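Below is one structure; the comments refer to it alone.
The values are calculated or read from the model by the stated rules, or taken from the named source; none is laboratory data. Predicted, not measured: the structure shown is a model, and the values here were computed from it. FYI the Cβ positions are ideal-geometry reconstructions off the backbone, even for glycines, and counts take in every protein chain you see.
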Amino acid sequence: MTRRKFITLLGGATVVWPLAARAQQAGMPVIGVLNGQSPDTYAHLMAALRKGLIESGYVEGQNLAIEYRWAEGQNDRLPGLAAELVHRGVAVIVTGGSPISSLAAKAATSTIPIVFAFGGDPVKSGLVASLNRPGGNVTGVSQLSNLLEEKRFGLLHELMPTAAVIAVLVNPKNPTAETEASDVQAAARTIGQRLLLLNASSERELDAAFATLVQRRAGALVVTSDPFFNSRRCRRAIHNVNMLLPVA
């Protein structure tokens, strides 16, 4: 399998080292999947993964095995789950969502190839040395959506120019949260827009954030790119507020 044949495995332009060398080992080759969220959240991406493998001649359960490790929103479990995949001797580890799962995999092995897909800057996150020469055993794709929060804030301001307050929802546990919040705050100061920064990393905090948003009469809400928020895109917790959500 070539790097380019792995290009659609996570519903995006993902690349990976060949599995052929690993397949020469005794037994069926194994792919490890490591993710901080739940399988329901990433069901469509896992379907894309299996579809891409089939197109490359690999069928789960026939000539390929996939080991799934889901942290179910408990990121402190990721190092242990990554260690399990390394002990299992997987051929490659596929990670998704925030860089936390990718960093856990990187910390667990320096030899097993790791393929990531997330929205932040892989260089600033410490995953790769550079975009054109990632180096080491880590490669993948980033939509760089975390770098577009300032632009998305500006777009929402154009759509809602009369909004007295625009709220921004951030997950403080995401490694990119501080940068995202700083970018949006700078953009708000430039145009003199009142900004309400809301933090949430759990269901309880999310409920509290929505209550504060309504109480403070925010006219619009920017939801920053984060797996926790993406898994709750269909939630209808507030009304009469214009929301701009990231594209997963």
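Does Arg152 satisfy the criteria of being modelled with pLDDT under 90, within 20 Å of the chain's Cα centre (by Cα) and surrounded by fewer than 17 Cβ atoms within 10 Å (Cβ to Cβ)?
Values: modelled with pLDDT under 90: yes; within 20 Å of the chain's Cα centre (by Cα): yes; surrounded by fewer than 17 Cβ atoms within 10 Å (Cβ to Cβ): no.
Against the criterion (modelled with pLDDT under 90, within 20 Å of the chain's Cα centre (by Cα) and surrounded by fewer than 17 Cβ atoms within 10 Å (Cβ to Cβ)), Arg152 does not qualify.
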Where a residue in the stretch 63-78 is more than 11 Å from Gly32 (Cα to Cα) and in contact (Cβ under 8 Å) with a residue 60 or more places away in the chain and its partner, wherever it lies, is of a type in the set (A, V, I, L, M) and surrounded by 15 or more Cβ atoms within 10 Å (Cβ to Cβ), with Cβ under 9 Å and at least six apart: Asn75/Ile100; Asn75/Ala104
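Any residue at all in the stretch 17-34 that's at pLDDT below 90, surrounded by 15 or more Cβ atoms within 10 Å (Cβ to Cβ), within 15 Å of Ala105 (Cβ to Cβ) and among the aromatic types (Phe, Trp, Tyr)? Before the answer, list the steps.
Just the residues of the stretch 17-34 that are at pLDDT below 90, to begin with: 17-28.
Going one step further and asking which of them are surrounded by 15 or more Cβ atoms within 10 Å (Cβ to Cβ), we end up with 17-19, 22-23.
Checking which are within 15 Å of Ala105 (Cβ to Cβ) leaves us with 17.
Adding the requirement that they be among the aromatic types (Phe, Trp, Tyr) leaves 17.
The answer is yes; a qualifying residue exists.
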Given (1) assigned to a helix (DSSP H, G or I); (2) closer than 30 Å to Val92 by Cβ; (3) aromatic (Phe, Trp, Tyr), number of the condition Phe210 does not satisfy: (2)
